[in-house]
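The values are calculated or read from the model by the stated rules, or taken from the named source; none is laboratory data. Only a predicted model underlies this, so the values are computations on that prediction, with no experimental measurement involved. Cβ atoms come from the backbone with ideal geometry, glycine included; neighbour counts cover every protein chain shown. The protein model used for the area step is the full one, side chains on, heavy atoms only, and it has no ligands, DNA or RNA in it. Shrake-Rupley method; radii C 1.70, N 1.55, O 1.52, S 1.80 Å.
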Amino acid sequence: MKSKVKKDRHELLLAIDPMYRGFGFALFEKPNSLVDWGITDIRLNINSRSLHRIKQLIEYYRPDRIVLEDIRGESSHRCKRIEQLLGKIKTLAKEKRVKVSVYSPKQVQEVFEQFKCHNKYERAKAICEWLPELTSRIPPKRAIWMSEDPRTKLFDAVALALTYYYLEE
């Protein structure tokens, strides 16, 4: 007779946030357990090379769920190239039988406003309090004339994952 052994594995969640030159990602086992994170910087053939790298992440980690930005929301202002990349990530997830959850920037903002985070810098600081391993990656506070630091996309990916945990669990 076979014994039924309960899996002691939490659902792996991969949050991905594309940017102008690659993407930021965060892999979680549970809300307070960040497994891997990073920023992938790609300069040529951005969508195809980003998709290839994302496919490698999926095949290596075998996440149960991918979390992405919902580009259909009115608060999303993404260029056509990133919209296409997000569509291809969803298709790849479907092929790999990985569930996908999407959240609009407004949903993420509403979740973090409950923790008194009203901008991306405050959000990154709060994330560093919850996940101190990211402290060395926090981008500097941005002045209005400065472009967004690429490290912000790492924190945007983490914020997407934490939004999933906050709203769904």
Query raised in the report: With the other protein chains left in place, how much accessible area per residue, in square angstrom, belongs to region 20-153 at a 1.4 angstrom probe?
Result: 60 Å²
Report summary line: Semi-axes (Å, rounded, descending) of the ellipsoid equivalent to region 90-169 per its C-alpha gyration tensor are 24, 15, 13
Requested in this report: Select one label from (i) 1.04; (ii) 1.57; (iii) 0.97: the one whose number is Cα Rg over 2.2 N^0.38 Å as derived from the coordinates shown.
Outcome: (i)
Report summary line: For SER104, other-chain or 5+-apart residues with amide H closer than 5 Å (H placed, Pro excluded) are ASP70
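Got a sec? What order do TYR61, TYR20, TYR165 fall in by accessible area at 1.4 Å, biggest, i.e. largest, first?
On the way: TYR61 55, TYR20 125, TYR165 20 Å².
These residues rank, largest area first, as TYR20, TYR61, TYR165.
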Query raised in the report: Of LYS55/LYS153; LYS120/LYS153; LYS55/LYS88; LYS80/LYS116, which sit over 21 Å apart, Cα to Cα?
Result: LYS80/LYS116
Requested in this report: Can you tell me how much longer the chain between ASP64 and ASP41 gets when fully stretched, taken as 0.36 nm per residue apart minus their C-alpha distance, in nm with one decimal?
Outcome: 5.8 nm
Requested in this report: Give me the accessible area of CYS117, 1.4 Å probe, in Å² rounded to the nearest 10.
Outcome: 10 Å²
Query raised in the report: Counting only protein heavy atoms, what percent of the accessible surface of the chain is carbon or sulfur at a 1.4 Å probe?
Result: 50 percent
Query raised in the report: Tell me, what is the 1.4 Å probe accessible area of GLU169, in Å² to the nearest 10?
Result: 140 Å²
Requested in this report: In whole Hz, with x marking every Gly and Pro, tabulate ³J(HN,Hα) for region 133-142 from phi via Karplus 6.51 cos²θ - 1.76 cosθ + 1.60, θ = phi - 60°.
Outcome: 5, 8, 3, 5, 9, 5, x, x, 4, 8
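Please report the antiparallel percentage of DSSP beta bridges with both residues in the chain, rounded to the nearest 5.
65 percent
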Requested in this report: Would you work out the relative contact order for the chain, in percent, from Cα pairs under 8 angstrom that are 6 or more residues apart?
Outcome: 28 percent
Query - Karplus-derived 3J(HN,Hα), 6.51/-1.76/1.60, for each residue of region 161-167, Hz, glycine and proline x - result: 4, 5, 5, 4, 4, 5, 8
Report task. For the chain, build the charge dipole from Cβ charges (+1 Lys, Arg; -1 Asp, Glu) around the Cα centre, then report which of PRO63, THR91, VAL111 sits farthest towards its positive end. Result -> THR91
Query - Within the chain, helix-based [θ] at 222 nm, where runs of 4 or more DSSP H residues each add -39,500 (n - 2.57), nearest 500 - result: -13500 deg cm²/dmol
Requested in this report: Can you sort TRP130, TRP145, TRP37 by 1.4 Å-probe accessible area, starting with the largest?
Outcome: TRP145, TRP130, TRP37
Report task. Would you mind working out the magnitude of the charge dipole of the chain relative to its Cα centre, with +1 at each Lys and Arg C-beta and -1 at each Asp and Glu C-beta, to the nearest 20 Debye? Result -> 660 debye
**Report entry** Cut-off 20 Å (backbone N to label point 7 Å along Cα→Cβ of PHE115), residues of region 9-29
**Finding:** 11-18, 24-29
